Amino acid sequence: MQRKRYIICYISLLLVSAFLFVLGISSGSSGMGISEIIGVISGEASDMTRNIIIGIRLPRTLAAMLLGGALSVSGLLLQTYFGNPIAGPYVLGISSGAKLMTALMMIFAMGHGLYPGSWGMTGAAFAGSLLSMGVILALSGKVRNMAQLIIAGVMIGYICSAVTDIAVTFADDANIVNLHNWSMGSFSGTAPKDIPVIAVISLAGLVCTFLLSKPMSAYRLGEGHAASVGVDVRAFRTALILLSSLLSALVTAFAGPVSFVGVAVPHITKTIFRTSEPIVLIPAVFIGGGAFCMGCDLIARMLFSPLEMSVSTVTAVFGAPIVIAVMMRRGAK
């Protein structure tokens, strides 16, 4: 019975994702429907239609799907590591650290007439994520409870964001407007050449996370239990840190800070599937995160069209209430 429920939930998630994917490609200020998409596939579409769909909408929708999945899996890993349901890359300030390092690297590169490239941005974001994670881990050994650690993470996020805003404000470059848009959180700047990097890192991270599903199940019952069943706890915790940092860094490098997805989506998925088993949740969280971000991106660009909101604004509107609900539920126990 439970297996049947999982299958139904997976099929439902995939159908919703497919619907949002097609909607993301076909929706925009220039009206193009399914017939135009079919025309692009068959090679009968005009050059303008092909450029709009393949050059702009397809990379943006793919980025929302893959990066949303990566951010959600990163949140699940952090929740497993800290044993707290509101731990996430945005809440703990990890995304803000990645944002700061990426912004500094981009400003330096643009100031010297260079473009850092997809791998360069990802590397800088990864370094920033690891730096923030290192501070969080150092603090976790000194604070007495998770609430204090969450507050410290939020403060780290504010500090990193403030330094980033100062750097962006005083950067002297004609392309600084693009950097400002990126710093607000958006999938709009994704280019076709960025998709292979995004796909390789996000899918590789998903596979590596899935391979950790059995140790994650044991770790949820405590470090002592995990060690008793043969899990190398130190290596496992290191893997969690590296994977969660890499996945959140990937998102920040290409879309800027996207808020609350890493916290909200794992809880939505757990509620739908009615399980906390990692082997079931990991693929579901990835698919659900992609659907969540594709839907939020559609709202961001279509609600007040032709004006466009940052995707982080929309994810906060839907994600923050979920975080509040989780905190209230824990407080009532």
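The values are calculated or read from the model by the stated rules, or taken from the named source; none is laboratory data. Everything numeric here is computed off the predicted structure, so don't read it as measured data. In this analysis, Cβ positions are derived from the backbone assuming ideal geometry, glycine residues included, and neighbour counts consider all displayed protein chains.
A Cβ distance below 6 Å, combined with a sequence gap of six or more or placement on separate chains, defines the contacts here; from the range 213-240, residues that are more than 20 Å from residue 281 (Cβ to Cβ) reach residues that are surrounded by 12 or more Cβ atoms within 10 Å (Cβ to Cβ) and not hydrophobic (A, V, I, L, M, F, W, C) in the pairs 233/223. Does residue 251 qualify as being out of contact with any Lys or Arg (no Cβ under 6 Å at 6 or more places or on another chain) and at pLDDT below 90? For residue 251, the condition - out of contact with any Lys or Arg (no Cβ under 6 Å at 6 or more places or on another chain) and at pLDDT below 90 - is not met. When we screen 280, 251, 258 for residues that are β-branched (Val, Ile, Thr), crowded, with 24+ Cβ neighbours inside 10 Å, in a helix (DSSP H, G or I) and in contact (Cβ under 8 Å) with a residue 24 or more places away in the chain, the only hit is 251. Quick check on the range 81-96: of everything there that is of a type in the set (Phe, Trp, Tyr) and in a helix (DSSP H, G or I), which residue is modelled with the highest pLDDT? By that ranking, first place goes to 81.
In the range 67-85, which residues are under 23 Å from residue 291 (Cα atoms) and surrounded by fewer than 24 Cβ atoms within 10 Å (Cβ to Cβ)?
Within the range 67-85, 79, 85 qualify.
Residue 221 satisfies every condition listed in (1) part of a helix (DSSP H, G or I); (2) farther than 19 Å from residue 150 by Cα except (1). In the range 90-113, the residues that are surrounded by fewer than 24 Cβ atoms within 10 Å (Cβ to Cβ) form Cβ pairs under 8 Å with partners that are outside any helix (DSSP H, G or I) and of a type in the set (Asp, Glu), at six or more places apart or across chains, as follows: 107/173; 110/173; 111/172; 111/173. Residues in the range 115-127: is at least one over 23 Å from residue 243 (Cα atoms), assigned to a loop (DSSP other than H, G, I, E, B) and at pLDDT 75 or above? No.
Quick one: would you say residue 58 is surrounded by 24 or more Cβ atoms within 10 Å (Cβ to Cβ), under 23 Å from residue 17 (Cα atoms) and out of contact with any Phe, Trp or Tyr (no Cβ under 8 Å at 6 or more places or on another chain)?
Against the criterion (surrounded by 24 or more Cβ atoms within 10 Å (Cβ to Cβ), under 23 Å from residue 17 (Cα atoms) and out of contact with any Phe, Trp or Tyr (no Cβ under 8 Å at 6 or more places or on another chain)), residue 58 does not qualify.
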